[in-house]
1. Taking all protein chains in place and a 1.4 Å probe, what share, in percent, of the accessible surface of region 67-162 do carbon and sulfur account for?
2. Quick query: amide H of L65 versus all other amide H atoms, modeled in the peptide plane; which residues come in under 5 Å with a sequence gap of 5 or more or a different chain?
3. Figure the gain on full extension for A15 and E125 (residue separation times 0.36 nm, minus the Cα-Cα span) and round it to one decimal in nm.
4. Out of residues 5 or more away from A19 or on other chains, whose amide H comes under 5 Å of its own, with H placed 1.01 Å from N in the peptide plane?
5. Would you tally the net charge around L35, using a Cβ to Cβ cut-off of less than 10 Å, leaving L35 out, and scoring K and R as +1, D and E as -1?
6. At 7 Å along the Cα-to-beta-carbon direction for both T140 and R6, put a label point, then send me their distance in nm to one decimal.
7. Summarise the long-distance tail of P(r) for the chain by giving the % of C-alpha pairs beyond 24 Å.
8. Modelling each spin label as a point 7 Å along the Cα-to-Cβ direction, I'd like the D71/R157 distance in nm, to one decimal.
Amino acid sequence: MSAPYRLTVNGVERAVEDAWLGESLLHVLRERLELPGAKGGCEQGECGSCSVLVDGDLVCACLVLAAAAVDTEITTVEGLQPERGDFTDVQQAFVDEGAVQCGFCTPGLIMSVHALLDEVPDPTELEVREAISGNLCRCTGYGRVLAAVDAAVEVRRSGAVR
Ligand code: FES
Ligand code: FES
């Protein structure tokens, strides 16, 4: 069954036409709205590579029905850019600290860290580890990511918030 509906993604209302109503938000973002930032890894809510914000809450887009996200504000990694082409402070910290690992885990980690720092500006290491515990990496580990979070916290402390 299909029916047209509209989603608000990164502050822009977008039409979704001819979509099966059982499609996940991840599928609609990537395949219908041409927003490939959220990645499809496990598609079972286990890896965090598809993390997006729905009304400010971090969710796995693979577990959310797109049609159920009507009347919410959806933010993807593409929508974090302060200005087109710019990095956020968190993205810059990932680059500076060598935490940009593979293209699958990085967007989800960036979303998780933004969600964390918006709630907890100066998290403990335990809080950071808990916040990124849903973002699985089986390759390189989390050391550089923890360093990047520390660097982003420092930048925010210094007042250069993006
Ligand atoms: S693709 Fe959604 S959690 Fe893995
Ligand atoms: S999954 Fe991305 S570096 Fe391991």
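The values are calculated or read from the model by the stated rules, or taken from the named source; none is laboratory data. All values reported here derive from a predicted model rather than from experimental measurement. Cβ placement follows ideal geometry from the backbone for every residue including glycine, while neighbour counts extend to all protein chains displayed. The area values use the complete protein model at the heavy-atom level, side chains included, leaving out ligands, DNA and RNA. Shrake-Rupley method; radii C 1.70, N 1.55, O 1.52, S 1.80 Å.
1. It is 51 percent, rounded to a whole number.
2. Those qualifying (amide H under 5 Å, at least 5 residues apart or on another chain) are L25.
3. Between A15 and E125, full extension yields an extra 35.5 nm.
4. A3
5. Neighbour charge sum, excluding L35 itself: 0.
6. If labels sit at T140 and R6, their model points lie 4.1 nm apart.
7. 33 percent
8. Placing both labels 7 Å along Cα→Cβ, they lie 4.3 nm apart.
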